[in-house]
Amino acid sequence: MKQFIVLAAILPLMLFFLMQFPFEEARHTRLVGLEERIHIFKVEVANNPESSGELADGLKVDAAKIYGISASEVSVTLVEFDESQKCTYSVELPTGETPEAIKLIHGKPKQGRLIVSGEIIVESPA
C-alpha cells in the first residue's frame, strides 16, 4: 500500500516532465528556424540596402509561416541606415498559448511575445 501511495504521488510529476519535452523541442525548432531566416535577412539587407522594405515584408511572411500565425501578427521594424551605414531591426511575434502541462502547474495561461532585435552593418567597398 505504501508503494502505491508513493507511485500515486510521483507519477504526475514524471508525466509533467514527459509532456514538457515535446513542447520544448517544438519551441526550439521554431526558434532555430526564425534565427536562420533572420540571418538570411541580414545578409540580404547588407548586400541590397535599397530593397530593405521588401525584404522586411518577406521576413514577416516567413516568420508567420514558421510559427503558424498570420503575417499581420508579426511586426518587423526596420530603422533605415544612418551615416555610419548601420541599420537596426526588430522582429516581434506572439509565441502562442501556454501548453496544458504548463497551465496545470502555473495556473492561468500566458500569451507571450518573442522579440528578436539587432543591427546590420554595411561595409563600404574598398
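Overview of values
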item: Cross-chain or 6+ apart pairs with Cβ under 6 Å, segment 79-102 first and on the phi < 0 side of the Ramachandran plot, then part of a loop (DSSP other than H, G, I, E, B) and modelled with pLDDT of 65 or more; result: Cys87/Phe81; Leu93/Val74
item: Residue match in segment 77-95 (condition: under 28 Å from Pro12 (Cβ atoms) and either of a type in the set (S, T, N, Q) or at pLDDT below 70 (or both)); result: yes
item: Residue list for segment 16-49, filter: touching a residue at least 12 places away in the same chain (Cβ under 8 Å) and more than 30 Å from Val79 (Cβ to Cβ); result: Phe16, Met19, Gln20, Phe23
item: Test for Thr77: is it of a type in the set (S, T, N, Q) and outside any helix (DSSP H, G or I); result: yes
item: Residue identified as touching a strand residue (DSSP E or B) at 6+ places or on another chain (Cβ under 6 Å), of a type outside the set (D, E, K, R), in a helix (DSSP H, G or I) and surrounded by 14 or more Cβ atoms within 10 Å (Cβ to Cβ) among Leu55, Leu31, Leu59; result: Leu59
item: Segment 38-63: number of residues that are modelled with pLDDT under 85 and in contact with a Leu (Cβ under 8 Å, 6 or more places away or on another chain); result: 4
item: Breaking point among (1) more than 23 Å from Leu114 (Cβ to Cβ); (2) among the hydrophobic types (A, V, I, L, M, F, W, C); (3) in contact with a Cys (Cβ under 9 Å, 6 or more places away or on another chain), for Val45; result: (1)
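Residue-wise test of (1) surrounded by fewer than 11 Cβ atoms within 10 Å (Cβ to Cβ); (2) more than 15 Å from Tyr67 (Cβ to Cβ).
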site	(1), (2)
Ala8	yes, yes
Met19	no, yes
Phe23	no, no
Phe41	no, yes
Val45	no, yes
Asn48	no, yes
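The values are calculated or read from the model by the stated rules, or taken from the named source; none is laboratory data. Quick caveat, the model's predicted, so the values are computed rather than measured. For neighbour counting, all protein chains shown are included, and Cβ atoms are generated from backbone atoms with ideal geometry for every residue, glycine included.
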